[in-house]
Number of protein chains: 2
Amino acid sequence: MISVPVRIWFFGDSMVNGTGDDACLGWVGRVCAAARRRGRDLTCYNLGIRRDTSADVLARWQREAEARLLPEHDGRLIFSFGANDCCPGEDIGGVRVAPGRALANAEAILMAAVAWRPTLMVGPLPICDVAVDRRTRQLSGDFATLCAHLRVPYLDVFDLAAASDTWTREVAAGDGAHPNEGGYAVIAGVVENWTCWRAWIDRTTSN
Amino acid sequence: MISVPVRIWFFGDSMVNGTGDDACLGWVGRVCAAARRRGRDLTCYNLGIRRDTSADVLARWQREAEARLLPEHDGRLIFSFGANDCCPGEDIGGVRVAPGRALANAEAILMAAVAWRPTLMVGPLPICDVAVDRRTRQLSGDFATLCAHLRVPYLDVFDLAAASDTWTREVAAGDGAHPNEGGYAVIAGVVENWTCWRAWIDRTTSN
């Protein structure tokens, strides 16, 4: 049995980037490192961008993914965005991207993604701002419904992060929106134990 | 005195990506984590792509950098490529990108980069293939001359990596081209002590 080489693109926002993490890993680096230490031949492309909304990800993900893929590769996609959509802005309801448009953006992204490559989605995370977080929590639930409809596996991590003392303490001690090593490790632990992620990582092939 | 927030894009090949590193840091993640642990408010965008040549980086760096920058940000650029140019291919001399074209690509990248944002360049690394490495070492010297002409600080790391027992042992034990944690830590140590990098990291401002 050998590990099949896999290349995973992670698209999303600052939480995907790992902003605020003094270890410069974020949850993305942690789950990828854990997979490699279990013997998985995995290449990680972290394509999280600070302040990116669903609209920003929609505008760039295909071009950036294609630049990182040869046809013979086993390339896979993970998306995680939505909190920036819920921040104050110029769209309907005074947010950066109104929920209806955020859902339409997510649907456009995910429909193209699943038609092309294996795809997972991780829900948006709290930034410890009451008004933003209330909207983000609602949007995360709406993403869950959308993903069920599209048959894209979805991991809702909002309540778990919001209930984590480590998460809230580190966000408060940091820039007010992002955790540090402990908070990202909490999310990494949840993703690592997600059956859909595990199915990607534990897959081997006879040789 | 406060640390000025800085966002650094690292453009290049698999060695920038950190391919083969079970810690999923590479030299890029290690130097950024070290800077953050020294109190530097730094956001890292790792834009290394496996198999990328100078031509591939030329084709994408500006668009990918612009997608990661707001005008008010202190954004900086580090480039590191060249070993893939020297691999067997269809260009003159039987390589993927002939030296003359690699130098022209580097010049086009660096001239646009330095006119836009603070820019550094780190030289290409050995992959422990005698013929490829001989060409890469020569190209690294040519990049040094080009960078001196363009006044872009250049760090030649080729001989140091080639002479490192850790580097060569890990490349041999891995996929034959990339080191693991120890090899990337060797390069990270050299970059961390580079006066040009230090000047970026140690910079503070009165508040």
Does anyone have the angle between helix B:26-37 and the longest principal axis of chain B? Alpha-carbon axes, 0 to 90°, nearest 10?
-> 20 degrees
Any idea what log10 I(q)/I(0) is at q = 0.07, 0.09, 0.13, 0.14 Å⁻¹ for the protein assembly as shown, Debye with uniform C-alpha scatterers and no solvent?
-> -0.32, -0.54, -1.13, -1.30
Point-charge dipole on Cβ atoms (K/R +1, D/E -1) for the protein assembly as shown, about Cα centre, debye to 20 = 40 debye
Please report, in debye to the nearest 20, how large the charge dipole of the stretch B:101-165 is about its Cα centre when each Lys and Arg carries +1 at its beta carbon and each Asp and Glu carries -1 there.
-> 280 debye
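Estimate the FRET efficiency between B:Val4 and B:Trp116 by the formula 1/(1 + (r/R0)^6), using the beta-carbon distance for r and 25 Å for R0, to the nearest 0.05.
On the way: r = 18 Å, r/R0 = 0.73.
My answer for the efficiency is 0.85.
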Radius 9 Å from Cβ of A:Arg40, net charge of other residues (Lys, Arg +1; Asp, Glu -1) = +2
Would you work out the charge dipole size for the stretch B:63-207 about its Cα centre, treating the Cβ of every Lys and Arg as +1 and the Cβ of every Asp and Glu as -1, and quote it to the nearest 20 debye?
-> 360 debye
Tilt, helix A:54-66 to longest principal axis of chain A (alpha-carbon atoms), in degrees rounded to tens, equals 20 degrees
Please give the solvent-accessible surface of A:Arg36 in Å², to the nearest 10, using a probe radius of 1.4 Å with every protein chain present.
-> 40 Å²
Report ³J(HN,Hα) in whole Hz for each residue of the stretch B:152-157, in order, from the Karplus equation J = 6.51 cos²θ - 1.76 cosθ + 1.60 where θ = phi - 60°; Gly and Pro get x.
-> 9, x, 10, 10, 7, 10
Residues whose placed amide H lies under 5 Å from that of B:Asp52, excluding near-sequence neighbours = B:Ser14
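To the nearest 500 deg cm²/dmol, what mean residue ellipticity at 222 nm is calculated for chain A from DSSP H runs of n ≥ 4 alone, each contributing -39,500 (n - 2.57), summed and divided by the residues? Walk me through the intermediate numbers first.
Details: 9 runs with 101 residues, N = 207.
When only DSSP H runs of four or more count, the value is -15000 deg cm²/dmol.
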Hz values of 3J(HN,Hα) by residue in the stretch A:94-101 - Karplus curve (6.51, -1.76, 1.60), Gly and Pro given as x = x, 10, 5, 9, 5, x, x, 6
The long-range amide H neighbours of A:Thr43, using H built 1.01 Å from N in the peptide plane and a cut-off of under 5 Å, are A:Val6, A:Arg7, A:Ile8
Where the centroid of each part is defined by its Cα atoms, how far is the stretch A:23-90 from the stretch B:91-144 in Å?
-> 28 Å
With every protein chain in place, what's the accessible area of B:Glu64 (1.4 Å probe, Å², nearest 10)?
-> 10 Å²
Rg over Rh [alpha-carbon atoms, Kirkwood Rh] for the stretch B:1-78 | 1.00
If all Cα-Cα distances of chain B are sorted into 5 Å bins from 0 onward, what percent lands in each bin, rounded to whole numbers?
-> 1, 7, 16, 21, 21, 17, 10, 4, 2, 1, 0, 0
Hey, can you grab everything whose amide H is under 5 Å from the amide H of A:Leu155? Only 5+ residues off in sequence or another chain; H modelled, so Pro and N-termini drop out.
-> A:Met121, A:Val122, A:Gly123
If the label for B:Ala199 sits 7 angstrom from Cα along the Cα-to-Cβ line, what are its distances to the same label in every other copy, in nm to one decimal, shortest first?
-> 5.4
Relative to the longest principal Cα axis of chain B, at what angle does helix B:130-150 sit, 0 to 90 degrees, rounded to 10?
-> 40 degrees
For the stretch B:144-207, the Cα gyration tensor yields equivalent-ellipsoid semi-axes (√(5λ), largest first, whole Å) of 29, 17, 8
A correct Karplus calculation of ³J(HN,Hα) over the stretch B:170-187, with 6.51 cos²θ - 1.76 cosθ + 1.60, θ = phi - 60°, whole Hz and x for Gly and Pro, returns 5, 4, 5, 7, x, 8, x, 9, 10, x, 10, 4, x, x, 5, 5, 4, 5
If unit charges are put on Cβ atoms (+1 for Lys and Arg, -1 for Asp and Glu) and the dipole of the stretch B:12-142 is taken about its Cα centre, the option from B:Ala35, B:Thr19, B:Ala65 lying farthest towards the positive end turns out to be B:Ala35
Would you mind listing the distances between the B:Trp116 label point and the same position in each other copy? Use 7 Å along Cα-to-C-beta, nm, one decimal, shortest first.
-> 2.2
Which one of B:Phe81, B:Tyr154, B:Ile127 has its Cα pushed farthest toward the positive end of the charge dipole of the stretch B:81-167, where Lys and Arg give +1 and Asp and Glu give -1 at the Cβ?
-> B:Tyr154
Using the 7 Å Cα-to-Cβ label point, sort the distances from B:Glu90 to its equivalents in the other copies shortest first and give them in nm to one decimal.
-> 4.6
Top to bottom by accessible area (1.4 Å), largest first, where do B:Arg38, B:Arg51 land?
-> B:Arg38, B:Arg51
P(r) of the stretch B:42-107 in 5 Å steps, Cα pairs, percent per bin?
-> 3, 16, 26, 19, 14, 11, 7, 3, 1, 0
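The values are calculated or read from the model by the stated rules, or taken from the named source; none is laboratory data. Small disclaimer: the values here were computed from a predicted structure and weren't measured. We place every Cβ from the backbone using ideal geometry, glycine too, and count neighbours over all the protein chains shown. Areas reflect the complete protein model, heavy atoms only, side chains present, ligands, DNA and RNA absent. Shrake-Rupley method; radii C 1.70, N 1.55, O 1.52, S 1.80 Å.
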